[in-house]
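Every number in this text was worked out from the coordinates using simple rules, so none of it is lab data. Everything quoted here is computed from the prediction, not taken from an experiment. Every residue, glycine among them, receives a Cβ derived from its backbone with ideal geometry; neighbour counts consider all protein chains shown.
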Amino acid sequence: MLVRVADPAILPSHVARCSVAVDLHDEAADLDATFAGIELPARLRDAARKRHIEYLAGRWCVREALRAQLPERAGITVGHDDSRAPVWPDGLVGSITHTQNFVSSAVAPIEAARSLGIDSEVRFSVERARRLGGHFARPRELADLARAGLDEGDVATLVFSLKESVFKCLHPFVRGYFGFQVAHVVEVSAREGRARVRLVEGLTREFAAGCELEGRFELGGDHLHTALVIDG
């Protein structure tokens, strides 16, 4: 049910990473055996099996990432807060993403990174980009980035995914919800897989309006992957 796949090359070497392809519709799979030692939270016990697999696979990826790079922490438990965001134990920061049949985690010691956010999305069609783009991007934002050499669908996917990564990365500092319009993707280099994001609204004293963050991205098959890291 789980198959390890190549990790997107968008994070520094001090970040432990694990990515899998997962069959969300495998009704015969024994979840207790596959995800032994990983407990499903009470809030999800009545959820659909697909949601169980997504949650468990994300925590499995965390465990495997740590087993490879920080084996002494491989047995940690990742909780969740009221907004369902992961709560990492003292000394670690991390992020989890899942989309359709792809699940991935990234974890780092606090000495190496203060926070990080990853996101993966199925690449938007042009029709979907035109239908949904206005919900998460300003028209000028999409028009300016179209000159980066990406097609219309990929531009929209990139903006959406980067803003998801921004939210995951900054949420531990803000401790509250903030929307897509807080961030503006101002520059993209398709050749280098880099993007610059500017906050247009202040979130904290450190992350004030005008603050800029650098993100990384990678196009891989049907997916687009993004990441942001706040260095330690």
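How many residues, within the range 81-101, are outside any loop (DSSP other than H, G, I, E, B) and farther than 23 Å from GLY232 by Cα?
So the count comes out to 2.
Quick one: count up the residues across the range 107-142 that are assigned to a strand (DSSP E or B), touching a His at 6+ places or on another chain (Cβ under 8 Å), among the charged types (D, E, K, R) and surrounded by fewer than 22 Cβ atoms within 10 Å (Cβ to Cβ).
1
Mind listing whichever residues of the range 194-219 are crowded, with 18+ Cβ neighbours inside 10 Å and either outside any strand (DSSP E or B) or touching a residue at least 60 places away in the same chain (Cβ under 8 Å) (or both)?
Once the filter is applied, which keeps residues that are crowded, with 18+ Cβ neighbours inside 10 Å and either outside any strand (DSSP E or B) or touching a residue at least 60 places away in the same chain (Cβ under 8 Å) (or both), the range 194-219 yields LEU203, PHE207, ARG216, PHE217.
Limited to the range 95-137, what total is found for residues that are of a type outside the set (Phe, Trp, Tyr), in contact with a strand residue (DSSP E or B) (Cβ under 7 Å, 6 or more places away or on another chain) and under 22 Å from ALA6 (Cβ atoms)?
So the answer is 21.
What number of residues within the range 66-86 satisfy the criterion of being more than 17 Å from GLU111 (Cβ to Cβ) and of a type in the set (A, V, I, L, M, F, W, C)?
Of the residues in the range 66-86, 4 are more than 17 Å from GLU111 (Cβ to Cβ) and of a type in the set (A, V, I, L, M, F, W, C).
Mind listing whichever residues of the range 158-196 are in contact with a Gly (Cβ under 6 Å, 6 or more places away or on another chain) and not aliphatic (A, V, I, L, M)?
Passing the criteria: SER165, LYS168, CYS169.
Looking at (1) touching a strand residue (DSSP E or B) at 6+ places or on another chain (Cβ under 7 Å); (2) closer than 19 Å to GLU192 by Cα; (3) without any contact (Cβ under 8 Å) to a residue 60 or more places away in the chain; (4) not polar (S, T, N, Q), which one does GLY149 not meet, given that it meets all the others?
(1)
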